[in-house]
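Chemist: This is the structure I have questions about; it appears just below.
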């Protein structure tokens, strides 16, 4: 499976600031995904990022708050904008193989705390 | 109705016992089913996948799929304390979207 590197692994930020999370994959993949996992909860999909097109956001998530870039087939960024304590969470990127029915594989995640 | 349902637990089993984790899904046309293990503070790790009805074994893990009942399970034989984690069931629906359950917390007691 692909090796997925996510940076930073953790950060503590002040409210009102923004943080960009990077996700690098060691192979080319069409689809990359960004998830949020709040304490004690399961995964919530924020958006799907395909290279060459605008990210597709899930209900409850908007581009102004979570802008995403996907400049090539091995890299994506997620920005958490104008952060509030409610944004404290683990943010995860994942990729899946281009063949049908493939599983998703996750990066190590970014643990974000907002003061 | 949630797309994927799991008993949140916690499930506790003694060391050496069989742990049984269950999952139901709502999309009858789903074709791909996955089990992930997530240790506290870590990201989910794929441990099993199954596409066909029946059992699929990998070491101490067995995934079972019954599409007629829309039911997936994971059996862990000879449970070890290192198996203590949250287990997430995931299903790929007919629209190709991935759905995760809320996870079942497993504790293996030495």
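Chemist: Treat each spin label as a single point 7 Å out from the Cα along the C-beta direction, and report the residue B:109 to residue A:58 distance in nm.
Modeler: 3.5 nm
Chemist: Next question, about the same structure. Calculate, for residue B:53 and residue A:20, the FRET efficiency according to 1/(1 + (r/R0)^6) with r their C-beta to C-beta distance and R0 41 Å; round to the nearest 0.05.
Modeler: Working: r = 44 Å, r/R0 = 1.08.
FRET efficiency, residue B:53 to residue A:20: 0.40.
Chemist: Next question. Kirkwood Rh and Cα-based Rg: tell me the resulting Rg over Rh for chain A, rounded to two decimals.
Modeler: 0.95
Chemist: Just to check, using Stokes-Einstein with a Kirkwood Rh over alpha carbon pairs, what's the diffusion coefficient of the protein assembly as shown at 4 °C and 1.567 mPa s in µm²/s? Please list the in-between numbers first.
Modeler: Details: Rh = 18.2 Å.
For the chosen part, D equals 71 µm²/s.
Chemist: A further question follows. Estimate the FRET efficiency between residue A:82 and residue A:12 by the formula 1/(1 + (r/R0)^6), using the beta-carbon distance for r and 22 Å for R0, to the nearest 0.05. Walk me through the numbers before you get to the answer.
Modeler: On the way: r = 16 Å, r/R0 = 0.75.
The computed FRET efficiency comes out at 0.85.
Chemist: Please report the relative contact order for chain B, taking Cα pairs under 8 Å with a sequence separation of at least 6, and give it as a percent rounded to a whole number.
Modeler: Once divided by the residue count of chain B, the mean separation gives 38 percent.
Chemist: Related question: Kindly state, to the nearest 0.05, the FRET efficiency for residue A:41 paired with residue B:77, given R0 = 25 Å and r defined as their beta-carbon distance.
Modeler: Numbers: r = 29 Å, r/R0 = 1.17.
So, using R0 = 25 Å, E works out to roughly 0.30.
Chemist: Could you let me know the centre-to-centre spacing of the range B:55-78 and the range A:25-56, using Cα atoms, in angstrom?
Modeler: Between the Cα centre of the range B:55-78 and that of the range A:25-56, the gap is 27 Å.
Chemist: To make sure I understand, if each residue's beta carbon is the centre and we count other beta carbons within 10 Å, what order do B:87, B:99, B:39, A:91 fall in, fewest to most?
Modeler: Details: B:87 25, B:99 19, B:39 12, A:91 22.
Exposure proxy ranking, most exposed first: B:39, B:99, A:91, B:87.
Chemist: Also, I was wondering about something else. In percent, what relative contact order does chain A have, based on Cα pairs under 8 Å that are 6 or more apart in sequence? Working shown, then result.
Modeler: Values: 283 pairs, mean separation 41.9, N = 115.
Answer for chain A is 36 percent.
Chemist: Quick check on the exposure proxy: order A:54, B:5, A:96 from fewest to most C-beta atoms within 10 angstrom. Please list the in-between numbers first.
Modeler: On the way: A:54 11, B:5 16, A:96 21.
Listing A:54, B:5, A:96 from fewest to most nearby Cβ atoms yields A:54, B:5, A:96.
Chemist: Please give the length that would be gained between residue B:60 and residue B:20 if that part of the chain were fully extended, namely 0.36 nm times their separation in residues minus their C-alpha to C-alpha distance (nm, one decimal).
Modeler: Numbers: separation 40, 0.36 × 40 = 14.40 nm, distance 1.20 nm.
Length gained, residue B:60 through residue B:20: 13.2 nm.
Chemist: Could you tell me the distance between the Cα centroids of the range A:87-115 and the range B:25-47, to the nearest Å?
Modeler: 13 Å
Chemist: How would A:18, B:30 line up from fewest to most surrounding beta-carbon atoms within 10 angstrom? Present the calculation step by step, with values, prior to reporting the outcome.
Modeler: Details: A:18 12, B:30 20.
The fewest-first ordering by Cβ neighbours comes to A:18, B:30.
Chemist: Let me ask you something else. Roughly how crowded by other chains is peptide B:80-92, in terms of the mean Cβ count from those chains within 10 Å of each of its Cβ atoms?
Modeler: Values: counts 0, 0, 0, 0, 0, 0, 2, 0, 2, 1, 4, 0, 6.
Mean partner shielding for this stretch: 1.
Throughout, read-outs are computed from the coordinates displayed, never taken from laboratory work. Because the structure is a prediction, the values reported are computed rather than measured. Here Cβ is always computed from backbone atoms with ideal geometry, including for glycine, and neighbour counts include all displayed protein chains.
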